[in-house]
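Visitor: The structure's right below; bear with me while I get my questions together.
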Amino acid sequence: MNFETTELTEQVAQTARDFANQHIKPHLMDWDESQEFPVQVFKEMGKLGLMGVLVPEQYGGSGLGYYEYSAIIQEISKVCGSVGLSLAAHNSLCTGHILSFGSEEQKKKYLPKLAAAEHIGAWGLTEANTGSDAGNMKTTAVKDGNDWVINGTKNWITHGKSGDVAVVICRTGEPRTKDNATAFIVERGTPGFSGGKKENKLG
């Protein structure tokens with residue numbers, strides 16, 4: 001396996017580096033003090049293709065590989081770890097799950113908007129009493145006719161308040177069985193789905 005940096009990876013890294021220094025670095029203190037989620041920065045990253053790095057071009061993404069993706073996250077995180085984390089959560093946790101496991105209908109519906117940052121993606125696993133232990137999570141989903149009814153609460157969810165669509169992990173079987181967990185795509189505005197208060201923290 002060749003680990004040498006390619007010209008493409010260098011170009012992508014430079015694009016991310018220039019963007020971070022121009023559009024993120026000057027605003028760091030203001031965002032931190034106001035506790036503002038800089039949604040416009042993510043919209044701009046969407047225009048550059050940074051919000052759908054691994055998404056194939058047929059779904060509106062950049063169609064790049066993991067070397068390029070890693071370089072982008074590194075360059076953004078050098079300037080702001082919080083934005084880098086948000087970028088990674090959007091690309092990997094929400095978008096990545098739909099890309100890897102979603103139906104063709106779901107991919108066509110959600111991936112173009114996630115890749116363009118028309119939608120900010122969230123991923124809900126962590127809970128108050130079980131952390132990220134998926135085997136013991138309490139949130140359940142029960143089939144009701146053609147629908148599923150989800151009951152539960154998630155905590156410390158990146159983009160929990162700012163996200164437009166979330167991949168939510170729910171218990172659909174007995175704890176610690178192979179059929180224990182199922183991922184559901186839930187859109188903001190779905191009845192009963194809401195974000196809690198934002199906790200004070202660093203970054």
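Visitor: Would you point out the residue of segment 45-58, among those that are surrounded by fewer than 21 Cβ atoms within 10 Å (Cβ to Cβ) and free of Cβ contacts under 8 Å to residues at least 60 places away in the same chain, that is nearest to K109 (Cα to Cα)?
Guide: Q58
Visitor: Continuing with the same structure: Would a scan of segment 119-137 turn up a residue that is part of a helix (DSSP H, G or I) and under 27 Å from G65 (Cβ atoms)?
Guide: No, every residue in segment 119-137 fails to be part of a helix (DSSP H, G or I) and under 27 Å from G65 (Cβ atoms).
Visitor: Restricting to segment 1-33, and then to whatever is aliphatic (A, V, I, L, M) and within 18 Å of E44 (Cα to Cα), can you tell me which residue is modelled with the lowest pLDDT?
Guide: Filtering first and then ranking leaves L28.
Visitor: Within segment 95-108, does at least one residue satisfy the condition of being touching a Lys or Arg at 6+ places or on another chain (Cβ under 7 Å) and in contact (Cβ under 8 Å) with a residue 60 or more places away in the chain?
Guide: Yes, some residue in segment 95-108 is touching a Lys or Arg at 6+ places or on another chain (Cβ under 7 Å) and in contact (Cβ under 8 Å) with a residue 60 or more places away in the chain.
Visitor: Go over the candidates G121, G195 one by one and state the one that is surrounded by fewer than 17 Cβ atoms within 10 Å (Cβ to Cβ) and under 30 Å from K25 (Cα atoms).
Guide: Criteria check complete, one pass: G195.
Visitor: Among the residues of segment 8-18, is there at least one that is under 19 Å from A89 (Cβ atoms), surrounded by 13 or more Cβ atoms within 10 Å (Cβ to Cβ) and not aliphatic (A, V, I, L, M)?
Guide: no
The values are calculated or read from the model by the stated rules, or taken from the named source; none is laboratory data. The structure displayed is predicted, hence computed values, not measured ones. Note that each Cβ is placed from the backbone with ideal geometry, even for glycine, and that neighbours are counted across all protein chains shown.
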